[in-house]
Every structure is written in C-alpha cells, then in structure tokens.
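Read the structure below first, then the notes.
The values are calculated or read from the model by the stated rules, or taken from the named source; none is laboratory data. The shown structure was predicted, so the numbers you read here are calculated from the model rather than taken from an experiment. Note that we place each Cβ from the backbone using ideal geometry, even for glycine, and neighbour counts take in every protein chain shown. For the accessible areas, the whole protein counts, side chains as well, though only heavy atoms, and no ligand, DNA or RNA atoms are used. Shrake-Rupley method; radii C 1.70, N 1.55, O 1.52, S 1.80 Å.
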Amino acid sequence: MHTTEAQNSEIPLMEVKDLTVEFKQRHGRNLRAVNKASFGLYAGKTLALVGESGSGKSTIVKTLGKLIKIDGGSVALAGKPVKNYRHTFEYRQQVQLVFQDPFASLNPVHTVFHHLARPLLLHGKADKKNVRDKVEELLEKVKLTPAAELANKYPHELSGGQRQRVAIARAIAPNPKVLLADEPVSMLDVSIRLEILNLLDELRQKENLAILYVTHDLTTARHFSSSIIVMHKGDIVESGDTDAIVLAPGHPYTQLLLNSSPKKNLTKEELGKERSERLAGKVSAAMKQSLYTNKGCNFIDRCPYAKEVCTAAPGYFTVGSDNTHKAKCWLYEPNSRQ
C-alpha cells in the first residue's frame, strides 16, 4: 500500500489491501474490474481516485459501500475487517456514499424532509419530537436556506446544485466516518461545481471525515485532495502526494491525463493529429499479444515509451527521490532494464 510521508505515522481509518473485483461474463473468462488495489483513507483527509471512464473507479466506490461483493483482498474499517460486521446497517452508519447524479439518487415522490428524516430516525440521531429541527440543522450545514421552506420541497423543485446538497446532507446525517464521493460534481453546471467541492472540503474539516473523491479531472483533484491514486483498466498505476503527481507525473498514463485537454487555437486536423500522437505508441505484435494474455503492462498499446520489457508485468517503483511517489512502470525500475 502506498501512503504519503505524513500519513506513514498514522493508522488509516479505512484500509484496503489487494482489493479484487470480477464480473461474470456470458462468454469467456471473468472481467477483472479491479486488480489488487491497495490504499488507505485517513480521518480529516481527502484521497482522490483518478482515471478515465471504465478504469474501475466507481466499482471501488460501490464495493467499499457494500453494493458489490469483494472477490479478493480485504477491507478494514477502524481496524475491524468489513466481513466481521454482523450487519450491513452497522457498517453503512460509518460509511456513506454521495452519487454522481443527485436527481437519480433522490426519490421524486418524497420531500426533502423525508429524505433527511429517514436516516436520522433509522440511525438514532433524532426522535419524532425533534426530527424537524435536526433536518433543518442538516440543511443549514450544507448551506440550504431558508431550511424550513426547503424541507417541504420535492426534488424536481430544486436546482441540480441544491439536489446534490440534499444528497450530501443525507450522507452526513448518520455522522459517518468515511464519505465516498463518486464524481459528485460531474452532472452539475460548471458555475456551481466549485461551491459543492468547497462544501465537501469544509465538511471534511469540521466533521474530521475521511473522503474518497472520485474524479477524472486531475485539476480539481489537486485542489481538494492531499494525495492521489491513478487507475487504468482496474490497476492502480501511480500514487503519491497530490503535488508530486500533478507537477511531476511518472506514469505515461498520468501524463496523458494531464495533457488530455486540447490546446487552444488548433484546427480540427491538428487536434486529431495531437490526439493520435498522445495515444499511439510503437507496439510490436508480440507486445500487443501481452494484452490478451494479461501478462504485461495494460497500457502497452497506448504508451509512447513501450518496449519489449513491457510484455512482463511491472512492479511499483519509486519515482524520483520521493519514496512515497510510486508508479507501476518499467521506466522507473532501479536497474534500468529498458
């Protein structure tokens, strides 16, 4: 497991070791969506999980939220293996999710009051006498005012940003220790994304939350996380302090993510050429075959630095002088096998 230097002296609130998740396919072998992922979540800190669509980010979130079963590895919360929790209810009181689409995650036939009163009552954070006051306190905590008026509204009467604030209020209602935020701003207008991220960051500090922030955007990850892990095709390919990864990315895939925004004032033809140059490496037939045997680097077909050694699976090597910055790439093999 890769941690930042500041975290090495701490005990992770949630510890994930060699997490493996597979999905059964109708024909052929199972699809491995997450391949031996290891990381830790720490109280009062945000870890960003970055990668493009299909990299396995949401699968990790759903697995940690006990919506998908674990096929291998282990997850521990506050030192206690998740499998030892007798009831999922007990676990979910401490681990809550904020989903990508706030409209889909809220029931359109129930009011905001219902959405917030239910978890408060279920988890013993309020009783029938004071539940309305507690609901209004939650709404004020996520900056939805006037709270008394907002509590009586239905989801369709709210803006996208307001709906996501309600979803966040519902998530923090049981006083959880861990918040899993699965691309919480990707469905919102650009103008209000920063407000929602600032809200999550404020709650992290006030509630001492451990947050797993899932995103495909390294820019927001830099501003709202203390460390980053980068995923590609189910593998964690790079991990370390946020500034180390954003300012000096090690893995070619991380470099591609940082350079994925096209430059301004380019013609359509130039944009297409730039994208092709970013994605295509010189790959031999033998190297391509390694993709189908799952023995080599799974980025080999897109890597501009790919060589024959990449047909063997790389380990995690230190990038530069920072021993907490790791990349799963032969470029950083100490003996320079390339």
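Before moving on, here are some points about what is shown:
- Residue within the stretch 183-198 that is assigned by TED's automatic domain parsing to the domain that holds VAL109, of a type in the set (S, T, N, Q) and free of Cβ contacts under 8 Å to residues at least 24 places away in the same chain present: yes
- Meeting the requirement of 3 or more residues that are in contact with a Phe, Trp or Tyr (Cβ under 8 Å, 6 or more places away or on another chain) and not basic (Lys, Arg), the strands (runs of 3 or more DSSP E) wholly within the stretch 174-254 are 227-232, 235-241.
- Of all residues in the stretch 22-31, none satisfies being at pLDDT 90 or above, of a type outside the set (Lys, Arg) and crowded, with 21+ Cβ neighbours inside 10 Å.
- Scanning the stretch 130-173 for residues that are closer than 24 Å to ALA104 by Cβ and outside any helix (DSSP H, G or I) yields a total of 10.
- Scanning the stretch 58-74 for residues that are open to solvent by less than 10 Å² (accessible area, probe 1.4 Å) and either closer than 29 Å to PRO252 by Cα or out of contact with any helix residue (DSSP H, G or I) (no Cβ under 8 Å at 6 or more places or on another chain) (or both) returns ILE60, VAL61, THR63, LEU64.
- Identity of the residue in the stretch 94-129, in contact with a Pro (Cβ under 9 Å, 6 or more places away or on another chain) and part of a helix (DSSP H, G or I), that ends up most open to solvent (accessible area, probe 1.4 Å): LEU122
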